[in-house]
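Report on one structure; see the data block that follows.
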Amino acid sequence: MESRKNRTAIYQIAAYATPICSVLIWYGMGEKEERLVWSKLVMTLIVTGLFLLHLHTDRTLEKKSCRYPVLVGVSYIVSFVLLGMCSYLPIGALWLLAVPVVEAVQNEKTAQAVLTLLCVQYAILVLPQNKDFTLFVKYLVFGYLLLILYRGLDSKKSVWYFLGIVAVFSLVLQIVVYEFEIGQIKSEMISFLWGIGSEILLGICSVSSYLLLDKKTADEETQEEVQAETKEIVQDQITENDRIFLQSIIEPDFDLFVRLQHYSLPLLSHSMHISGLSEQAALFIGAEPLLAKAGGLYHEVGRIVDEEDYIEAGTKLARQYRFPNALVHVMRQHSTGFEKPDSKEAAIVMLSDCIVSTSDYLQDTGKRGAVSDERLVDSIFQNRMDKGNLDEAGFSKEQIEQLKEFYIRNAF
């Protein structure tokens, strides 16, 4: 895992350094004013940062490893080197080299993001430069920033981070538009401040749409969607693409997994315990182990946003990260006081959580020694059956007995 982090850091440094090199090549091959170079460098850093943030936060992009990272890296470097030469040499369209390479080696959406980055960099370096053009690039970059930041709105606290980032970026972009000319900024102070103010106002409008619309309706819409979905056996709903996605989200470097790691070590330990136990239980009775494993890992992930209403908060996070509906079911149905499990995997995660949590509670209160493993497991199963929690899970009587035996042998 350490080597993966090191590789990621190297890739990020290279991703920033290469576009900067294109600006330096452009500057070195011609006579340019130094302040103009600085404005292009700042704009390049901002655009590249947004590009990397987009790749990191867009959950529709595939997160599997690149098959030929060296090939992608070389094509990326060559494209930006050629961009730096475009103003002086007949490069033609060769600076687009990275686009077909990334599409062939990775996927179409990543290639589209690379194309956008290259085209914006081409505009910054090659197209005729004046204030109106720089404003156009600024508005394009600012709009892109709003789209990316909006993905991160998941609580009232995040609203303040959103507005703070908008204000800082707006100030920096406005200074770039004025090419660091302090005298011009002073002489056009009203226009300068209105440029910043209008963008902050736009940020406030974005936040308002989240607070007044999304916050009011998201939970009701999510609940309606979940209740309207079919009650068929969940493993029949899992596609091969779902399995690939489920495998990606249980990797330690997946964004939501990282957030869980940083939030609470006890919650992380509990979630990983339930995840592993549920996976083995699913394997034992022939259910879908990957779904049970992911459901166990994220069954209480909503606590990183809202400790009290963590199931609804977790559902919203699941929708935000585009989790499959089958996994959303498991996350919503693990608690006995919420929804009844409608799949074997959801019931397994519920049982794993109940058995482990009850055992931990008895251990903490000094009563665990008085309760045998068999008695603890039997009592939880009987309680869940009496309450009807297993009625819609699709278990046979034989599978219930198998699960009892599994938990007695493996849960403690």
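The values are calculated or read from the model by the stated rules, or taken from the named source; none is laboratory data. Predicted model only: the values in this text are computed from it and were never measured. Reconstructed Cβ throughout: ideal geometry from the backbone, glycine too, with neighbour counts over all protein chains shown.
Odds and ends about this structure:
- Residues of the stretch 385-412 satisfying the condition of being among the aromatic types (Phe, Trp, Tyr), closer than 18 Å to residue 274 by Cα and not in a helix (DSSP H, G or I): 412
- Any hit, the stretch 353-363, residues being exposed (fewer than 15 other Cβ atoms within 10 Å of the Cβ), small (Gly, Ala, Ser) and farther than 30 Å from residue 248 by Cα: no
- When residues in the stretch 377-412 are screened for being closer than 14 Å to residue 344 by Cα, among the acidic types (Asp, Glu) and surrounded by 14 or more Cβ atoms within 10 Å (Cβ to Cβ), 2 of them pass.
- Unique match (being in contact (Cβ under 8 Å) with a residue 24 or more places away in the chain and either within 27 Å of the chain's Cα centre (by Cα) or buried (at least 21 other Cβ atoms within 10 Å of the Cβ) (or both)) among 374, 339: 339
- Within the stretch 370-393, the set of residues being under 19 Å from residue 335 (Cβ atoms) and out of contact with any Phe, Trp or Tyr (no Cβ under 9 Å at 6 or more places or on another chain) comprises 379, 382, 383, 384, 385, 386, 387, 388, 389, 391, 392, 393.
- Failed condition for residue 134, given (1) in contact with a Ser or Thr (Cβ under 7 Å, 6 or more places away or on another chain); (2) modelled with pLDDT under 75: (1)
- Index of the failed condition, residue 345 passing every other in (1) touching a residue at least 24 places away in the same chain (Cβ under 8 Å); (2) on the phi > 0 side of the Ramachandran plot: (2)
Yes/no matrix, rows are residues, columns are (1) assigned to a helix (DSSP H, G or I); (2) in contact with a Lys or Arg (Cβ under 6 Å, 6 or more places away or on another chain); (3) in contact (Cβ under 8 Å) with a residue 24 or more places away in the chain:
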| residue | (1), (2), (3) |
| --- | --- |
| 163 | yes, no, yes |
| 172 | yes, no, yes |
| 179 | no, yes, yes |
| 183 | yes, no, no |
| 186 | yes, no, no |
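- Of the residues 352, 372, the single one that is of a type in the set (Ser, Thr, Tyr) and within 22 Å of residue 246 (Cα to Cα) is 352.
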